[in-house]
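The values are calculated or read from the model by the stated rules, or taken from the named source; none is laboratory data. In this text the structure is predicted, and so the values were computed from the model without any measurement. Neighbour counts run over all protein chains shown; Cβ positions are idealised from the backbone, glycine included. Keep in mind that these areas ignore ligands, DNA and RNA; they rest on the heavy atoms of the full protein, side chains included. Shrake-Rupley method; radii C 1.70, N 1.55, O 1.52, S 1.80 Å.
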Amino acid sequence: SELKDFDFDNTIFLGELSLDGSLNRIEGALPMVISMREQGFLRFVLPFDNKDECSIIEDVHIIPVKSLEETIKYVNGELNIDPYTNIEYGIKNPVTEHELDFSDIKGQESLKRAMEVAASGGHNLLIIGPPGSGKTMAARRMPTILPDLEFEESIEVTKIYSVAGLLTKGELIKTRPFRAPHHSASAVSIIGGGRIPKPGEVSLAHNGVLFFDELPEFQKHVLEVLRQPIEDGSVHISRATASLKYPSKFMFVASMNPCPCGYLGDPQHTCTCSQSSIDRYLGKISHPLLDRIDMHVEVMPVQYNELNNESETITSLQMKDRVTKARNMQLNRFNGTKIFSNSQMSNKDIKKYCVLDTGSSAIMESAFNTYRLSGRSYNRILKVARTIADMDSSVDIKENHLLEAISYRGLEKKYWG
């Protein structure tokens with residue numbers, strides 16, 4: 001769009017004015033610009049330090065100014081300021097170098113497979129195992145195998161961090177967020193809030209990963225507040241001063257011991273917990289929350305021969321290549337929609353893209369009755385099966401795809417009955 005003569009009707013002024021006349025950087029500039037752009041405004045005069053984050057919007061004029069004096073001169077035509085652009089923000093995400101790598105993990109092939117499936121479809125994952133089995137080590141490597149953010153996803157994440165005041169460099173965020181709050185975190189810090197409601201961890205993890213280590217150590221009411229954002233992909237925060245809605249489409253990854261001492265089922269150690277203490281420990285995780293976690297996987301301690309094995313193990317880059325291939329199939333399938341992965345499918349999408357043949361339907365019926373699945377669990381199994389089929393480049397969901405997806409739901413009956 002072209003704006004030749006200065007026109008107040010098409011211009012928005014943003015900024016915080018200091019007593020000395022200088023303009024300070026403001027929080028939330030990017031979502032403000034996007035919102036005003038949708039209402040037809042084309043020129044934005046804003047603080048110099050906000051120019052980078054706002055320049056990603058290509059069809060508006062960003063006029064960065066450092067002071068009120070500059071603003072007045074610009075409006076009066078005494079100072080020419082060309083619209084600011086930064087072409088680097090349109091470039092595809094560069095290859096990110098991670099210090100962590102899946103090649104550091106010896107053995108645990110079933111865990112690596114489960115994490116690759118979860119990453120390929122954006123599915124939630126619960127890892128259960130004794131201390132020292134590599135649960136946390138593996139979970140912290142999840143970002144290394146996730147596909148690069150699509151440009152639209154980057155804008156969404158950057159908007160959230162802009163509102164939260166976390167864009168210290170004023171740049172477009174190009175890597176998927178990884179948030180790992182401590183188990184002492186409050187419900188407000190997880191969901192968001194405050195006098196002026198700001199995004200919480202569930203929103204700061206949007207389009208990325210929210211990791212809860214030692215899941216039962218979190219307060220029960222904190223865990224329960226996760227149910228709504230996991231299900232809806234957004235969170236509503238109501239206060240006397242405002243009612244806001246923030247997006248929260250994240251991968252929920254959690255790890256936990258099977259009992260308080262951690263050694264229930266460990267062939268190398270004896271569990272010292274009473275049944276009542278085990279029940280109280282596991283009881284902190286409610287069935288409705290478990291229902292929203294697509295995949296449950298159990299791990300055991302690594303054997304010495306696996307640790308001492310010098311043969312090469314799969315790297316994060318190799319896993320990421322396969323994950324990206326599966327995600328590209330999903331992007332093509334959902335082209336023209338707001339869906340970026342199988343985990344975001346609606347019930348209508350499931351009926352269209354997760355059709356089972358006669359043999360698979362019989363397997364699903366048997367599993368439904370055996371595990372006493374809910375309708376939500378049924379749909380999540382189909383989503384995971386669709387992802388496993390995509391990893392095999394298969395148009396149809398076959399019996400082996402469905403069987404693997406069902407196998408990721410067996411632990412709920414084993415531990416929680």
Residues that are outside any loop (DSSP other than H, G, I, E, B), within 18 Å of GLU217 (Cβ to Cβ) and within 18 Å of the chain's Cα centre (by Cα), drawn from the range 177-201
ARG179, SER189, ILE190, GLU201
If you go through the range 390-414, how many residues are more than 26 Å from the chain's Cα centre (by Cα) and either closer than 17 Å to ASN257 by Cα or among the aromatic types (Phe, Trp, Tyr) (or both)?
2
Check the range 324-338 and report whether any residue there is open to solvent by 30 Å² or more (accessible area, probe 1.4 Å), among the basic types (Lys, Arg), modelled with pLDDT under 95 and within 25 Å of SER248 (Cβ to Cβ).
yes
Matching residues in the range 287-317 - criterion: being open to solvent by 30 Å² or more (accessible area, probe 1.4 Å) and closer than 18 Å to GLY122 by Cα:
LEU317
Just give me the residues in the range 96-128 being touching an Asp or Glu at 6+ places or on another chain (Cβ under 6 Å) and open to solvent by less than 20 Å² (accessible area, probe 1.4 Å), in sequence order.
GLY107, HIS123, ASN124, ILE128
If you go through the range 28-50 one residue at a time, do you hit one that is at pLDDT 90 or above, outside any helix (DSSP H, G or I), of a type in the set (Val, Ile, Thr) and open to solvent by less than 60 Å² (accessible area, probe 1.4 Å)?
yes
When you look at PRO267, is it at pLDDT below 95, assigned to a loop (DSSP other than H, G, I, E, B) and touching a His at 6+ places or on another chain (Cβ under 9 Å), yes or no?
no
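Matching residues to (1) in contact with a Cys (Cβ under 9 Å, 6 or more places away or on another chain); (2) under 24 Å from ARG227 (Cα atoms); (3) free of Cβ contacts under 8 Å to residues at least 40 places away in the same chain; (4) not hydroxyl-bearing (Ser, Thr, Tyr):
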position: THR324; (1), (2), (3), (4): no, no, no, no
position: ASN332; (1), (2), (3), (4): no, no, yes, yes
position: MET345; (1), (2), (3), (4): yes, yes, no, yes
position: THR358; (1), (2), (3), (4): no, no, yes, no
position: ASN369; (1), (2), (3), (4): no, no, yes, yes
position: LEU373; (1), (2), (3), (4): no, yes, yes, yes
position: ILE397; (1), (2), (3), (4): yes, no, no, yes
position: HIS401; (1), (2), (3), (4): no, no, yes, yes
Looking for whichever is buried (at least 22 other Cβ atoms within 10 Å of the Cβ) and within 17 Å of the chain's Cα centre (by Cα) here; the options are GLY208, GLY233. Which one fits?
GLY208
If you check every pair at least six apart or on different chains, which have Cβ atoms under 6 Å apart with a residue in the range 46-72 that is of a type in the set (Gly, Ala, Ser) first and a residue that is not in a strand (DSSP E or B) second?
SER55/TYR84; SER55/THR85; SER55/ASN86; SER67/GLY21
Does at least one position in the range 56-67 carry a residue that is touching a helix residue (DSSP H, G or I) at 6+ places or on another chain (Cβ under 7 Å), modelled with pLDDT under 90, buried (at least 19 other Cβ atoms within 10 Å of the Cβ) and under 24 Å from ARG176 (Cα atoms)?
yes
